[in-house]
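Taking it in order: structure first as structure tokens, then the write-up.
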Amino acid sequence: MWAVAAVAQEVQVGAFVRLDHYGGVAEERLYSNDRVRLTTLSQLEAYDQAGFWSALLEVVAHLQYDEDGFSTAPGGFTARDIDNLIRRAYVSLRFDAFDVDVGKKFVRWGKVDFLSPLDVINHFNVDAPALVDLFEGPRADPMVHVTAYPTDELAIELVYVPMLAPYLVTVDDIDVDFRFGLLDVDMGFRNRPPEPYEEFAHSVHGAISYTTFLADLQLSYSYFRDQILDIDLSDLKERIGTFHVIEGTIVPAYRRAHNIGLGASIGLDGWVISADVGAKFLADNLDGSRIDTKNPEIRSVLQVDHPFALGDQQIFTTAGVIHRLVLFDEEAWESEYSPFLESIIGSLHDRELFQDEPSHWYLIARLQTSFLREQLSVETTGAWGITESALHLAPRASYAISDNWSVAAGANLWFTLDGPDSTKVGLLRRDDAKDNVFIQTTLHY
Amino acid sequence: MILRTAALLLAALAAAAPLAAQDAADISARTDARGAAPNISGLLTLTITAPNGDQRVISADSYQKERGEEREDRLFVFTHPPNVRGMALLVHSYMEQGDDSMWIYLPAMDRIKRVDLGSSGGGYFLGSDFTFRDMVSRDQTEYEHALLPADDDAYHVLEVRGRTPELRRVFGYSREEHFIRKDNFLRERIVFYDLAGDLLKELIVEEEYEADGYAFPTRLKMLNHQTGHVSEILFEDISFSADIPDRFFTQRYLRRR
């Protein structure tokens, strides 16, 4: 720090310490993350007053007590935990007409708050969609980020992400040797956290943003290695004879994809209307004719923000509708597998990758208000998967005891309105072991 | 009013000493012209006091700049308290269009979000007694002015209100009374009435910074008569001379100081 201070004209240190307790809701189920956790986040920012350069280092550390005793979370202290420890670390160089950022950082594209199809650079926890707890959701990636500003209204961004660093989805190869057996798609597939940066990604992303009096516009294109998991079945062999034999290895795969997106945000007399539309095409399955890999999809999100006055009370509302169209033609699927194995592969993709239905609808709503001059804040976010008949609720309340000290409580709850109690299908995957309530207290410095 | 309107057309008139047969619009325009410095930068400290004595203090770096006759930009970068540090608010006020473009940078989400002032002045600014609309420039063509009889001969008293019921709903006030000193055209007090016509708030300018023929309020107190809350704004290190680059008022600078 002293070395940094020696060359910087300004050094800022920020930090928070948070103590939280998460506990399960369903008495008959053990909540897999039942825990008391101490989190510290420290931020060191240095910059010169002329604004030519700045540097940011953000470190997150956890000490967790759960049924296995004390540990750093999650799991033991591995090389991956070192990556977890450094949440962000990058240097920024500012020139008249462009900026260059190098290091591990977030870049969020898109105009909507939830599940933007333009937001593909940083990986995202698909197991528990982080609709609310953004601190726990996306993870930063190492990158070179160049932004040019030909005019004050126009920004052109280029991002290069060299290495693959998927989220904490635990994956493993599945060795298959079945005779007359049905493939258990859960077996072994989620047992091993991948080590980050084992493989190259060479992902390239570009965006053009234009700001006008009325609207903000953004157009993006990515040719990237999708950090959402797919599976590679190329080694899977079957012999159909006296004995129906399936053998080989199913390995996790992160495939290259094209993503093109368009976003807009318009302010109209107290209303802000935002919309993002994006299309993602797997590079080796552009037309959706392959059964053994993810299919192309078009995702559209429309969001409206509006503050309502209820007497003296101001209520900030956000409402959105999401449509996800998965492009596949079952009749055009090509494979060398037997119908029996095709049905198994289809099941595997359905369960892991959520492409059992071509069209999926979701509604999202958020209500937020505050009392006592913003000391007490209350918020509820709800997401309803219409296609899945699933509901996610995330109520929150926080109270600022002082400028530095706050307490909060909340819950994350999933419901199925129709269908199984527990499923891995869909963005709103219902699993009653995920339901939780929490209380936390936070000190900011 | 703590922030001024770009009424530069009448700036030259502002220096004229003797007055005769002025109408209310003239007085308002001369008053606005007194505050129409093209560049203003300073450190803003907002202290919110509840009736029970509880206080919150919010600090921000503040910049504003004339961008021609029809546009004025403002940037607030918050520095205190720690849980809002880094948050920033950018406002482009367009006089002719009668509307503003506003963006907020939320560091926790690392995201810039367009926001829009709704009804009732867009709600209270960070829990203070100032509304968001109190903090941005006014398009005087949206207001009508009338001269009221004054108890104190040292002041002009103007009644100011939105031209239409819809505008009054948007502003959050049925009418305002502005107390303007006759000798120097400084606005020293504003009384706000809510949409039901009841007394709501009172803004008192306690100190002003004057330089280069312009004046800017540096210490203001807003008393909310309905709740008993008090919000005070202190501007320090005020400068009219710093040439603030245009690029400060872009989304690029929302993410950085």
Can you give the alpha-carbon Rg of chain B over 2.2 N^0.38 Å, where N counts its residues?
0.97
Gyration tensor (alpha-carbon) shape descriptor, segment B:42-111, a/c threshold 1.5
prolate
Calculated [θ] (222 nm, deg cm²/dmol) that DSSP helices of n ≥ 4 give over chain B, each run adding -39,500 (n - 2.57):
-2500 deg cm²/dmol
For A:S42 and A:I401, compute 0.36 nm times the residue count separating them, minus their Cα-Cα distance, and round to one decimal in nm.
127.1 nm
Hey, with R₀ at 30 Å, roughly what FRET efficiency would B:Y94 and A:I156 work out to, going by the Cβ-Cβ distance, to 0.05?
0.75
Got a number for the accessible area of A:I364? Probe 1.4 Å, square angstrom, nearest 10.
10 Å²
List, by residue number, every residue in segment A:356-404 with a reduction of 20 Å² or greater in accessible area between the chain on its own and the complete protein assembly, 1.4 Å probe.
A:R373, A:E374, A:Q375, A:D403
Give the cross-link partners of B:K182 among the lysines, using a straight C-alpha distance below 25 Å as the criterion and excluding same-chain residues fewer than 8 apart.
B:K201, B:K221
Buried on assembly, segment A:250-270 (at least 40 Å² less accessible surface than by itself, 1.4 Å probe)
A:D269, A:G270
Assuming R0 = 25 Å, what is the FRET efficiency of B:E70 and A:R108, from their Cβ-Cβ distance, to the nearest 0.05?
0.15
Given labels modelled 7 Å from the Cα in the Cβ direction, how far is it in nm from A:Y210 to A:V378?
4.4 nm
Going down the table (A:K104/A:K294; A:K280/B:K113; A:K105/B:K113), which pairs top 26 Å between alpha carbons?
A:K104/A:K294
Just which residues of segment B:69-105 lose 40 Å² or more accessible area with every protein chain there, against their chain alone, with the probe set to 1.4 Å?
B:P82, B:N83, B:R85
For segment B:34-49, list residues with backbone N below 15 Å from a point placed 7 Å from the Cα of B:A242 toward its Cβ?
B:38-45
Per residue, how much accessible area does chain B show when a 1.4 Å probe rolls over the protein heavy atoms, in square angstrom?
39 Å²
Which length gain, in nm to one decimal place, applies between A:S335 and A:A15 when the Cα-Cα distance is subtracted from 0.36 nm times their residue separation?
109.8 nm
Using r as the Cβ-Cβ distance of B:L106 and A:D68, and R0 as 41 Å, what FRET efficiency do you calculate, to the nearest 0.05?
0.70
Contact surface A-B: accessible area buried, both sides summed, square angstrom, 1.4 angstrom probe:
3600 Å²
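The values are calculated or read from the model by the stated rules, or taken from the named source; none is laboratory data. Keep in mind that this is a model prediction, so the values were computed, not measured. Glycine gets a Cβ as well: all are built from the backbone with ideal geometry, and neighbour counts include every protein chain shown. Only protein heavy atoms, including side chains, enter the accessible area calculation; ligands, DNA and RNA are left aside. Shrake-Rupley method; radii C 1.70, N 1.55, O 1.52, S 1.80 Å.
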